[in-house]
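Comments concern the structure below.
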Amino acid sequence: MLAEAEDSKATNYQNQEQETKERTKDNLAYQQDIKNLVGAQSILTKAINVLEKYYTMQAKKLEEDTSLLQRGRQTPPSTWDKGYKGQSSKGNEVLDMLNFILDETGKEEKQAHTQENDAQEAYEDSMTALKSEESDLEKSIAELTKTLAEKNQERNTKQKERKEAKKEVR
């Protein structure tokens, strides 16, 4: 029973050590993931700001730029009937896509934080249970060691008594 308790305690310690290593590895991966997500959000935000400024500037320039207008009245080609809008619609699509990616990156960051918190709580709960089990095993080992010592003492006493009894019988 004592050997079983000591084996259980050794296994318990190995489990604590393994879970701590895994938790550390997972936490480092989480930290790297968050670093990457925050970096991506920063880059996306900067890109969105630059493109918004650029498209705003282009729209103003298109409205104000009259250098291509002719002074005399000519009939414009039929292709001009639709009006020139430049690449504003494509630009809006790009901005919409970047904003979508930025939103998804933010959601992914929130999800990573939630998962990290859940993993940390599970780790703490597991470690609490393992420490409690370790404490119980240590108490059990102490009791078993004491009982073993008492039984050994009792055996030694009985052996001495038997030796003395054999001497008396002779």
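The values are calculated or read from the model by the stated rules, or taken from the named source; none is laboratory data. As the structure is a computational prediction, the values presented were derived from the model and not from experiment. Backbone-built Cβ (ideal geometry, glycine too); neighbour counts: all protein chains shown. Note: accessible area is taken over every heavy atom of the protein model, side chains too, but ligands, DNA and RNA are not part of it. Shrake-Rupley method; radii C 1.70, N 1.55, O 1.52, S 1.80 Å.
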(message) Looking only at segment 39-65, count every residue that is open to solvent by 70 Å² or more (accessible area, probe 1.4 Å) and touching a residue at least 40 places away in the same chain (Cβ under 8 Å) and tell me the total.
(response) 1
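Filter segment 133-142 for residues that are among the charged types (D, E, K, R) and either free of Cβ contacts under 8 Å to residues at least 12 places away in the same chain or open to solvent by 60 Å² or more (accessible area, probe 1.4 Å) (or both) and give the result.
Answer for segment 133-142, where residues must be among the charged types (D, E, K, R) and either free of Cβ contacts under 8 Å to residues at least 12 places away in the same chain or open to solvent by 60 Å² or more (accessible area, probe 1.4 Å) (or both): Glu133, Asp136, Glu138, Lys139.
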(message) Can you pull out every residue in segment 143-170 that is open to solvent by 60 Å² or more (accessible area, probe 1.4 Å) and hydrophobic (A, V, I, L, M, F, W, C)?
(response) Leu148, Val169
(message) Restricting to segment 103-128, name every residue that is more than 17 Å from Asp26 (Cβ to Cβ) and either exposed (fewer than 13 other Cβ atoms within 10 Å of the Cβ) or in contact with a helix residue (DSSP H, G or I) (Cβ under 6 Å, 6 or more places away or on another chain) (or both).
(response) Asp103, Glu104, Thr105, Lys107, Lys110, Thr128
(request) Out of Gln18, Gln41, report the one residue that is touching a Ser or Thr at 6+ places or on another chain (Cβ under 9 Å), under 30 Å from Asn117 (Cα atoms) and at pLDDT 95 or above. (result) Gln41
